[in-house]
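A.B. asks: One structure is given below, represented as structure tokens, and several questions about it will come after.
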Amino acid sequence: MTILLTYNPRYIVRIRYTLRKINRTLHLKKLWYQDNGNWKWLKEKATPVASLNRSLWRLSVPSFSFHFMLGLSAIIATLGLLSNSAAVIIGAMIVAPLMGPIVGMAYSIAMGNRKLLRRSSLTVFKGIVLTIGISWLTASLIGLKTVDSEILSRTNPTLLDFGIAMAAGMAGSFANTRRSISNALPGVAIAVALVPPLSVIGIGLALQNWEITNGSFLLFSTNLICIIFFGGLVFLFQSYGDLKRAKKGLVFSTAVMFILGVPLTLSMRELIIEQNVRYQILDLVTDQIDTFAKSDIRSISVTPRQNHVEVDIEVAASVDSISQAQIDRAKNIIAQKIGQPVDLRVEIIPSQVFESLDD
């Protein structure tokens with residue numbers, strides 16, 4: 001048999017082009033697997049169960065450092081609330097170590113670890129009692145009777161606070177399972193605000209104001225149960241534990257959330273009504289009612305009641321510039337506009353302006 005080899009330049013060109021293409025592909029593949037191109041070592045891995053278990057056990061133990069830092073956090077939060085300082089309150093949130101045992105409760109529910117659940121629950125309970133007690137003692141010793149906006153903002157929780165607690169609980173649990181983002185935990189503590197509501201409870205007890213105490217207790221309960229429930233779901237989603245062992249804890253948490261959802265929904269409804277009515281009244285007072293045309297409106301407060309709406313307006317005006325007849329006329333206009341009976345209260349702050357005249 002004779003094999004004939006025929007020289008064809010086109011075949012040679014194609015072979016060379018194919019070899020170059022193969023060589024380029026191999027070169028790129030080599031670069032990909034080199035240290036500067038291989039990103040597999042950066043792939044995020046979940047914390048091993050044994051390591052996470054040890055970490056949360058440490059956070060759930062009621063040690064001296066836990067009580068000491070939590071006590072200082074309670075003092076800082078109470079003083080910040082009484083002085084109406086948001087920056088000080090944020091500092092108290094960062095110092096507080098209460099988030100650790102609460103996440104431990106979420107983890108123990110997902111894993112079905114009753115021993116850890118008892119330990120973390122006891123730590124949380126002792127932390128709650130300690131924080132409320134120190135806040136009550138601090139507020140009683142200082143003796144301030146004023147209730148400012150930072151305190152009032154934590155006495156009327158709504159479904160918005162439920163959403164914040166839900167997201168913060170998920171973030172807190174996820175951050176504990178990823179070492180690369182563990183530095184996000186202080187931000188979670190700021191978002192969910194555990195110590196300030198407990199401090200408000202202590203302040204309410206010192207002032208014997210049960211409305212403040214009950215409202216802040218509802219806020220803390222919402223934060224607590226949302227962290228436990230949604231944190232447990234995050235652990236389950238990442239294969240820490242299984243649904244069968246976590247079933248009882250999740251069912252109980254769900255029942256508590258539904259119970260808390262009733263007052264939160266009512267508060268949310270009142271907030272929406274209040275804001276809508278407030279905007280309507282603000283538009284009326286500033287643009288359509290002549291009664292307050294020559295006055296400086298300082299604040300407008302709207303409080304929905306069962307059968308009527310209470311409206312408190314604070315204005316700065318000269319003496320005798322507004323009469324009772326004008327207030328009654330303004331009340332009738334507002335009631336007609338919003339379609340509800342109105343109790344209007346106007347507080348007039350006398351103002352007098354002096355100007356120096358040139359000779």
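A.B. asks: When you go through 312, 343, 328 one by one, which is the residue that is modelled with pLDDT of 75 or more, touching a strand residue (DSSP E or B) at 6+ places or on another chain (Cβ under 9 Å) and in a helix (DSSP H, G or I)?
C.D. replies: Exactly one residue qualifies, and that residue is 328.
A.B. asks: I need a count of the residues in segment 52-80 that are over 13 Å from residue 120 (Cβ atoms) and either touching a strand residue (DSSP E or B) at 6+ places or on another chain (Cβ under 8 Å) or not hydroxyl-bearing (Ser, Thr, Tyr) (or both).
C.D. replies: Summing the residues that are over 13 Å from residue 120 (Cβ atoms) and either touching a strand residue (DSSP E or B) at 6+ places or on another chain (Cβ under 8 Å) or not hydroxyl-bearing (Ser, Thr, Tyr) (or both) in segment 52-80 gives 15.
A.B. asks: Report whether or not residue 161 is assigned by TED's automatic domain parsing to the domain that holds residue 57 and crowded, with 21+ Cβ neighbours inside 10 Å.
C.D. replies: yes
A.B. asks: Please verify whether segment 176-197 includes one or more residues that are of a type in the set (Gly, Ala, Ser), at pLDDT 85 or above and surrounded by 20 or more Cβ atoms within 10 Å (Cβ to Cβ).
C.D. replies: So far as segment 176-197 goes, no, none of its residues is of a type in the set (Gly, Ala, Ser), at pLDDT 85 or above and surrounded by 20 or more Cβ atoms within 10 Å (Cβ to Cβ).
A.B. asks: Further question: Applying the selection to segment 107-133, what residues are surrounded by fewer than 16 Cβ atoms within 10 Å (Cβ to Cβ) and more than 23 Å from residue 239 (Cβ to Cβ)?
C.D. replies: 118, 122, 125, 126, 129, 133, listed by residue number.
A.B. asks: Sort out which residues of segment 66-97 are surrounded by fewer than 22 Cβ atoms within 10 Å (Cβ to Cβ), hydroxyl-bearing (Ser, Thr, Tyr) and more than 18 Å from the chain's Cα centre (by Cα), and write them in order of number.
C.D. replies: 83
A.B. asks: Tell me, yes or no, whether segment 96-117 has at least one residue that is in the same structural domain as residue 214 (by TED's automatic domain parsing) and farther than 27 Å from residue 241 by Cα.
C.D. replies: Checked against the condition, which is being in the same structural domain as residue 214 (by TED's automatic domain parsing) and farther than 27 Å from residue 241 by Cα, segment 96-117 yields at least one hit.
The values are calculated or read from the model by the stated rules, or taken from the named source; none is laboratory data. Being a predicted model, the structure only gives us computed values, none of them experimental. Note that each Cβ is placed from the backbone with ideal geometry, even for glycine, and that neighbours are counted across all protein chains shown.
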